[in-house]
Amino acid sequence: MRKIISGLSISSMILLASCTAPARPSVEVPKAAVQYKQEVQKPLLQDIYTYEFDKIEPQHQKLIDEWLQESRADNKKNQVYCFSIGVEEDANDGYKYMYVFGKGYRTFETAFMYSQDNQLNSNDTKAQRETSQITDEGKGTVYFKGVKGDPTDETLLRIHYNTKYVSATGLVDKFFK
């Protein structure tokens, strides 16, 4: 019986020894690193862009109604129409609006892609980047994609974005998965 108890106590000591870890010294994080982390996390997605379906800003109502009438008169099927209202036309404190109308689309999906240096592709040459529409460093692009529906479906999407963070908008055929 003593052998069983002494064998049990040895295995208990081994188990306890293997569960304890040596204490680690505390590391002090510099204030600059904490401040940088807070600044990086500061802009929320809603500060960058928002979107709503079937909404028109009151100050844009007449202009968008005319544009929608022209778009509906076009007999093309599965067509996407875009209308941008920028800072020049409307004082929005640096915000712009993009209205997207889809005939034959049941909804739209949106995505924001940030690029620190706005290089469209790592294989782009400097000359290609200089001639691209995206010239602002540290900004991104709001992309939107139509989801096809019945030929009679119509969808209106309003995108409201901050030009401090967004340098362009674009229609894409598909998002990467």
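No lab work stands behind these numbers, since they all come straight from the coordinates. From a predicted model like this one, the values you see are computed outputs, not experimental measurements.
So the values come out like this:
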| read-out | value |
| --- | --- |
| Extension gain from LEU45 to ASP150, taking 0.36 nm per residue of separation minus the Cα-Cα distance | 34.7 nm |
| ³J(HN,Hα), Karplus 6.51/-1.76/1.60, whole Hz, each residue of the range 50-56, x for Gly, Pro | 9, 9, 9, 9, 6, 10, 10 |
| Amide hydrogen neighbours beyond the local backbone of GLY170, cut-off 5 Å, H modeled | VAL142, TYR143, PHE144 |
| Greater than 25 Å apart at Cα, pairs in LYS96/LYS145; LYS77/LYS139; LYS76/LYS148; LYS103/LYS164; LYS62/LYS139 | LYS77/LYS139; LYS103/LYS164; LYS62/LYS139 |
